[in-house]
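Working notes, structure below.
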Amino acid sequence: MKTLITGGAGFIGSNYLHFVVNKYPNEEFVCLDALTYAGNYNNIKSLENNSNFKFVKGDITDREFVDKLFSEESFDIVINFAAESHVDNSIKNPGVFLTTN
């Protein structure tokens, strides 16, 4: 089984990935993250040597990119943790929150 985890480099997504990548070594996990202020590659760096883990840098709002990813990979499950989350940023730039969330 292959699972796409969006927002996997964020706090919640990265903790989820650390749990499932180690618990289910026979399943594949693809992490898609844009690595904005809320996502940090260092949160998932220790997973890069696992054969059942793959990182893809990209934005879920980029339809062409997402369509291409889905045509290249055959996902059984999609779990979405991608979100803009900082209240101060939502006040300054609410459009980004509407688009992503």
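The numbers here are math on the coordinates, done by the rules we state, and not lab data. As the structure is a prediction and not an experimental result, all values here were calculated from the model. So basically every Cβ, Gly included, is an ideal-geometry build from the backbone, and we count neighbours across all protein chains shown.
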Sorting Lys45, Lys54 on the 10 Å Cβ count, fewest up front, what's the list? Lys45, Lys54
Provide the net charge surrounding Asn52, with neighbours chosen by a C-beta distance below 13 Å and charges set as Lys +1, Arg +1, Asp -1, Glu -1. 0
Shape of the range 1-85, Cα gyration tensor, a/c cut at 1.5: oblate
Residue order, fewest to most beta carbons within 10 Å, for Leu35, Leu4: Leu35, Leu4
Could you tell me which of rounded, prolate or oblate describes the range 14-64, using a ≥ b ≥ c as the square roots of the eigenvalues of the alpha-carbon gyration tensor, with rounded for a/c under 1.5 and, failing that, prolate when a/b is larger than b/c and oblate otherwise? prolate
Residue span Asn80 to Tyr41: 0.36 nm per residue of separation minus Cα-Cα distance leaves a gain in nm of 12.3 nm
Residue by residue through the range 22-28, which ³J(HN,Hα) values in whole Hz follow from phi under the Karplus form 6.51 cos²θ - 1.76 cosθ + 1.60 (θ = phi - 60°), with glycine and proline marked x? 7, 6, 10, x, 8, 10, 9
Considering only DSSP states other than H, G, I, E and B, which chymotrypsin sites (Phe, Trp or Tyr not before Pro) in the range 4-50 qualify as loop sites with at most 16 other Cβ atoms within 10 Å? Tyr37
